[in-house]
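Peer 1: Take a look at this one; I'll ask things after.
The values are calculated or read from the model by the stated rules, or taken from the named source; none is laboratory data. Predicted model only: the values in this text are computed from it and were never measured. Here the Cβ positions follow ideal geometry from the backbone for every residue, glycine too, while neighbour counts run over all protein chains shown. Accessible surface areas use protein heavy atoms only, side chains included; no ligands, DNA or RNA. Shrake-Rupley method; radii C 1.70, N 1.55, O 1.52, S 1.80 Å.
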Amino acid sequence: AQKITQTQPGMFVQEKEAVTLDCTYDTSDPSYGLFWYKQPSSGEMIFLIYQGSYDQQNATEGRYSLNFQKARKSANLVISASQLGDSAMYFCAMRELQGGSEKLVFGKGTKLTVNP
Amino acid sequence: NAGVTQTPKFQVLKTGQSMTLQCAQDMNHEYMSWYRQDPGMGLRLIHYSVGAGITDQGEVPNGYNVSRSTTEDFPLRLLSAAPSQTSVYFCASSTPRGQPQHFGDGTRLSIL
């Protein structure tokens, strides 16, 4: 069973508008972490934002915020005031703890296109 | 400030050949991982290491070997390349406790 689900293969948004990228996760561990990465067409993986399972407040980093709903097991990325440079693949990932070590499990990604 | 360095950036192999993808980090990170990225599949974990001398299998380990003799280096070996191993390979490193992983720029590998 998929542990990270990103249901939107592609999303379109107008420049300067806000967009929400969905991510749901599945884990029975009480301690976990959720990450969002951006992958532009050049291919590199860029860390955007992190939310820990015990964090009381939703994470924010500049124009990025994470809408963390623990009971629903969702960790949606909100990008405010979209820019053309935001066009990229976006991956949601979950940190799992197994046997004292950490592993990162990725979703399949959402391709965001920002239109002028 | 090099971060995570992967070499080579591109490689073409013939079926049955072996090769080693190199990964080095200069941040003194304990954790290092190898992922492969295929279209529509996201990133899948191949092998990972929590420190020098310690490695473990990820989701798709078959056909790959790793070793971690130093903190800095984590090479990935393809023993006998197969067309199914055509992919983009990423190496990543991090400190423990949920810190974000730092990724290399990737190696694009084609197996003919």
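Peer 1: Give the range A:67-116 a look and list any residue that's of a type in the set (A, V, I, L, M, F, W, C) and more than 16 Å from the chain's Cα centre (by Cα), or say none.
Peer 2: Hits for the range A:67-116 are A:Ala71, A:Ala81, A:Leu84, A:Leu97, A:Val114.
Peer 1: Let me ask you something else. Do the conditions hold for B:Arg77, that is, is it within 10 Å of chain A (Cβ to nearest Cβ) and either part of a strand (DSSP E or B) or without any contact (Cβ under 8 Å) to a residue 24 or more places away in the chain (or both)?
Peer 2: no
Peer 1: Here are the criteria: (1) over 11 Å from the mean Cα position of the chain (by Cα); (2) open to solvent by less than 60 Å² (accessible area, probe 1.4 Å). Tell me which single one A:Leu34 does not satisfy.
Peer 2: Of the numbered conditions (1) over 11 Å from the mean Cα position of the chain (by Cα); (2) open to solvent by less than 60 Å² (accessible area, probe 1.4 Å), the odd one out for A:Leu34 is (1).
Peer 1: Scan the range B:25-54 residue by residue and report those that are within 18 Å of B:Arg77 (Cβ to Cβ) and within 10 Å of chain A (Cβ to nearest Cβ).
Peer 2: Selection gives B:Ser33, B:Tyr35, B:Arg44, B:Leu45, B:Tyr48, B:Ser49, B:Ile54.
Peer 1: From the list B:Leu21, B:Leu43, B:Leu109, which one is modelled with pLDDT under 95 and either open to solvent by less than 20 Å² (accessible area, probe 1.4 Å) or assigned to a strand (DSSP E or B) (or both)?
Peer 2: When all the criteria are applied, what remains is B:Leu43.
Each row is one residue, and each column tells you yes or no for (1) of a type in the set (A, V, I, L, M, F, W, C); (2) assigned to a strand (DSSP E or B).
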position	(1), (2)
A:Asn67	no, yes
A:Ala71	yes, no
A:Ala75	yes, yes
A:Val78	yes, yes
A:Ala81	yes, no
A:Phe91	yes, yes
A:Glu96	no, yes
A:Lys103	no, yes
A:Lys108	no, no
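Peer 1: Condition first: open to solvent by 10 Å² or more (accessible area, probe 1.4 Å) and in contact (Cβ under 8 Å) with a residue 40 or more places away in the chain. Now tell me which residues in the range B:54-74 satisfy that.
Peer 2: Of everything in the range B:54-74, those that are open to solvent by 10 Å² or more (accessible area, probe 1.4 Å) and in contact (Cβ under 8 Å) with a residue 40 or more places away in the chain turn out to be B:Thr71, B:Glu72, B:Asp73.
Peer 1: Follow-up. Consider only pairs whose beta carbons are under 7 Å apart and that are at least six residues apart or on different chains; among these, list those whose first residue lies in the range A:20-33 and is closer than 14 Å to A:Ser53 by Cβ and whose second residue is open to solvent by 50 Å² or more (accessible area, probe 1.4 Å) and not in a loop (DSSP other than H, G, I, E, B).
Peer 2: A:Asp29/A:Leu97; A:Ser31/A:Leu97; A:Gly33/A:Tyr50
Peer 1: Is it the case, given these coordinates, that B:Arg77 is farther than 20 Å from A:Phe91 by Cβ and open to solvent by less than 40 Å² (accessible area, probe 1.4 Å)?
Peer 2: No: the conditions fail for B:Arg77.
Peer 1: Which residues, counting only those in the range B:80-106, are open to solvent by less than 20 Å² (accessible area, probe 1.4 Å) and assigned to a strand (DSSP E or B)?
Peer 2: Across the range B:80-106, the qualifying residues are B:Ser87, B:Tyr89, B:Phe90, B:Cys91, B:Ala92, B:Ser93, B:Ser94.
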